[in-house]
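Trainee: First the structure, then my questions, so here it is.
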Amino acid sequence: MLRFGSVKMNNGADRQNMDIQLLLEAIYLKYGYDFRRYAAASLKRRILRNLAFSGCRSVRELQNRVLCDQACFESLLLDLSINVTDMFRDPLFYKAVRDHVIPNLKDLPLIKVWHAGCASGEEVYSMAILFLEEGLGQKTEVYATDFNEKILIAAGEGMYAAAKMKDYTLNYLLAGGKSSFKDYFTPRHPHAVVCASLKKNIRFAHHNLVSDGSFGEMNLILCRNVMIYFNRDLQNRVFHLFRDSLSDAGYLCLGDKESLRYSTCSKDFDDVVPKEKIYRKIKTLPV
Ligand SMILES: C[S@@+](CC[C@H](N)C(=O)[O-])C[C@H]1O[C@@H](n2cnc3c(N)ncnc32)[C@H](O)[C@@H]1O
């Protein structure tokens, strides 16, 4: 459970923390989205930010509005889910995948990949480019999931601001890109749209890491910059979910500020590239 402070309400901040807990309970009961085990401090910041723009005077008033007005809930959901992402975000991570993960996947007949918390798809298409350049595009099966339906639609479209392409090209080159980045897109002013050939093996689907189950025998799971928003208890739940969704010797990739080293399934994984948070599930020996 989220703990926002003392149970006794001594001051306005305590009351506000209590109202935030009630808001989260109300969202869960009405809409089924469960934010109760997200990291409290950042959740509070985002709720107060939404409050400031909503015209409501208090969290209690925001709660009433969210319960009666679907659009108001969707605006809050967008603020709570944080969809910031980039193509080849943290280029050296992609370089490490190219150098230390791909060579060990090459001999598999089929490579199953799960992007959990894929946001608007930039990470997914970055990996698709990487697989294509390593000659594995034809034998990858990619599942890209998120709990935010609106962002999943954007991910499927793969349409990005052309103004960002210069930065993305630089990231791509730093990540060891082997071709011409712009060739993966079709210009549609003021956007650039991901080519259909890159989208072919990708399935975008709804999946909530808080409540949904495991996802089959994956060889590679990427869940980057998602668990940073979860509390320790929820992080452990998700690490177990990933462990159970990975094949033997499958890889797990986390974000820069995330680690599984303090989790309850730390012993089930080896480090592959510690700096880039790339881990590998230890093979289970037959008993
Ligand atoms: C900051 S983005 C990360 C995007 C991408 N992985 C990256 O590193 O660039 C976090 C994503 O996690 C998703 N997310 C947050 N909570 C989730 C949950 N419980 N289940 C599934 N996705 C979730 C958000 O909707 C958002 O799209």
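Trainee: Among the DSSP beta bridges whose two residues both lie in the chain, what percent are antiparallel, rounded to the nearest 5?
Mentor: The antiparallel proportion sits near 45 percent.
Trainee: Tell me the angle of helix 70-81 to the major Cα principal axis of the chain, expressed in degrees between 0 and 90 and rounded to the nearest ten.
Mentor: Roughly 60 degrees between the two axes.
Trainee: Report, in degrees rounded to the nearest 10, the 0 to 90 angle that the Cα long axis of helix 12-31 makes with the longest principal axis of the chain.
Mentor: Relative to the chain, helix 12-31 is tipped by roughly 60 degrees.
Trainee: In addition: Relative to the compact globular guide of 2.2 N^0.38 Å, what is the alpha carbon radius of gyration of the chain, as a ratio?
Mentor: 1.08
Trainee: Another question about this same structure. Using alpha carbons only, how many angstrom separate the centre of region 89-141 from the centre of region 154-178?
Mentor: Each part's Cα centre sits 15 Å from the other's.
Trainee: Restricting things to Cα coordinates, could you compute the convex hull volume per residue of region 6-161 in Å³?
Mentor: Spread over its residues, the Cα hull of region 6-161 gives 154 Å³ apiece.
Trainee: Which trypsin sites (Lys or Arg not before Pro) does region 115-189 hold that lie in a coil by DSSP with at most 16 other beta carbons within 10 Å?
Mentor: Hits after loop and neighbour filter: LYS178.
Trainee: Just LYS267, LYS199, LYS95 to compare: in a GNM of the chain, with alpha carbon springs under 10 Å, which one fluctuates most?
Mentor: Maximum among the listed residues: LYS267.
Trainee: Can you pick out the pairs among LYS30/LYS277; LYS150/LYS199; LYS106/LYS150; LYS44/LYS164 whose Cα atoms lie more than 26 Å from each other?
Mentor: Those over the limit are LYS30/LYS277; LYS106/LYS150; LYS44/LYS164.
Trainee: Taking loop as defined by DSSP and a crowding limit of 11 other beta carbons within 10 Å, which chymotrypsin sites (Phe, Trp or Tyr not before Pro) in region 192-287 fit?
Mentor: Listed in order of number, the matching sites are TYR262.
Trainee: Then there's this: Could you give the accessible area per residue of the chain, probe 1.4 Å, as a whole number in Å²?
Mentor: Normalised by residue count, the accessible surface of the chain is 49 Å².
Trainee: Give a residue-ordered list of calculated ³J(HN,Hα) values for region 84-97 (Karplus: 6.51 cos²θ - 1.76 cosθ + 1.60, θ = phi - 60°; whole Hz; x for Gly, Pro).
Mentor: Here the 3J(HN,Hα) series is 4, 6, 8, 6, 6, 4, 6, x, 5, 5, 5, 5, 5, 5 Hz.
The values are calculated or read from the model by the stated rules, or taken from the named source; none is laboratory data. The model shown is predicted, which means the values in this text are computed figures rather than measured ones. Cβ atoms come from the backbone with ideal geometry, glycine included; neighbour counts cover every protein chain shown. Areas reflect the complete protein model, heavy atoms only, side chains present, ligands, DNA and RNA absent. Shrake-Rupley method; radii C 1.70, N 1.55, O 1.52, S 1.80 Å.
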